[in-house]
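Quick notes on the structure that follows.
Throughout, read-outs are computed from the coordinates displayed, never taken from laboratory work. Everything quoted here is computed from the prediction, not taken from an experiment. Glycine also receives a Cβ, built like all others from the backbone with ideal geometry; neighbour counts cover every protein chain displayed.
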Amino acid sequence: MTPHEPQVEPPEPPNDGNDTDTTIALIGYALLLANLFTGFTALISVVVAYIYRGKGPAWLDDHYRYQIRTFWIGLLYLCVASLLILIVVGVPLMLALAVWLIIRCVKGFKALQERRSPDNLESWLI
């Protein structure tokens, strides 16, 4: 090969979905968890999930749906627990809500790392 000949690079293999960037979904789970300390990052997470939903493979879209459901179900549980704080029952419910959120995010993160849909996508619990 002489220095004047152009180098030809091999063509890239077709995209089969295995190299899909999961960073945005990962950030979504991190924002949901950070909400335990900040109180507002879950809102950012749900907005991002709504924006990116439908723009990737089905298993990744399921993660955005899971994050959206986690936000809305968590908000409902938060409203109920907040009302019940007046009769002291809400305090353990707030703790249970935090545990619920952590478990859902860890399960979602684990499924994301395995590049599969989260388990129990339609569940209101864990």
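Could you check segment 105-123 and list, in sequence order, the residues that are touching a Leu at 6+ places or on another chain (Cβ under 9 Å) and either surrounded by 12 or more Cβ atoms within 10 Å (Cβ to Cβ) or under 20 Å from VAL47 (Cα atoms) (or both)?
Listed by number, the residues that qualify are CYS105, VAL106, GLY108, PHE109, LEU112, ARG115, SER117, PRO118.
Quick one: what pairs do we get from segment 46-72, first residue at negative phi and free of Cβ contacts under 8 Å to residues at least 12 places away in the same chain, second surrounded by 14 or more Cβ atoms within 10 Å (Cβ to Cβ) and outside any helix (DSSP H, G or I), C-beta under 9 Å, 6+ apart or different chains?
Pairs that qualify, where the first residue is at negative phi and free of Cβ contacts under 8 Å to residues at least 12 places away in the same chain and the partner is surrounded by 14 or more Cβ atoms within 10 Å (Cβ to Cβ) and outside any helix (DSSP H, G or I), are ASP61/ARG53; ASP61/SER117.
Which condition from (1) of a type in the set (Gly, Ala, Ser); (2) assigned to a loop (DSSP other than H, G, I, E, B); (3) in contact (Cβ under 8 Å) with a residue 12 or more places away in the chain is the one that GLY108 breaks?
It fails just one condition, (2).
Could you tell me whether ILE102 is farther than 24 Å from ALA58 by Cβ, exposed (fewer than 15 other Cβ atoms within 10 Å of the Cβ) and touching a residue at least 40 places away in the same chain (Cβ under 8 Å)?
Against the criterion (farther than 24 Å from ALA58 by Cβ, exposed (fewer than 15 other Cβ atoms within 10 Å of the Cβ) and touching a residue at least 40 places away in the same chain (Cβ under 8 Å)), ILE102 qualifies.
Quick one: PHE37 ticks every box in (1) in contact with a helix residue (DSSP H, G or I) (Cβ under 9 Å, 6 or more places away or on another chain); (2) loosely packed, with under 14 Cβ neighbours inside 10 Å; (3) assigned to a helix (DSSP H, G or I) bar one, so which box is it?
So the condition that PHE37 fails would be (1).
Mind listing whichever residues of segment 55-97 are closer than 14 Å to ALA42 by Cα and either in contact with a Cys (Cβ under 8 Å, 6 or more places away or on another chain) or loosely packed, with under 15 Cβ neighbours inside 10 Å (or both)?
THR70, TRP72, LEU75, LEU76
Sort through GLY74, GLY54 and tell me the only one that's part of a loop (DSSP other than H, G, I, E, B) and out of contact with any His (no Cβ under 8 Å at 6 or more places or on another chain).
Among GLY74, GLY54, only GLY54 is part of a loop (DSSP other than H, G, I, E, B) and out of contact with any His (no Cβ under 8 Å at 6 or more places or on another chain).
Given (1) touching a helix residue (DSSP H, G or I) at 6+ places or on another chain (Cβ under 7 Å); (2) not in a helix (DSSP H, G or I), where does ILE85 come up short, assuming only one miss?
Condition not satisfied by ILE85: (2).
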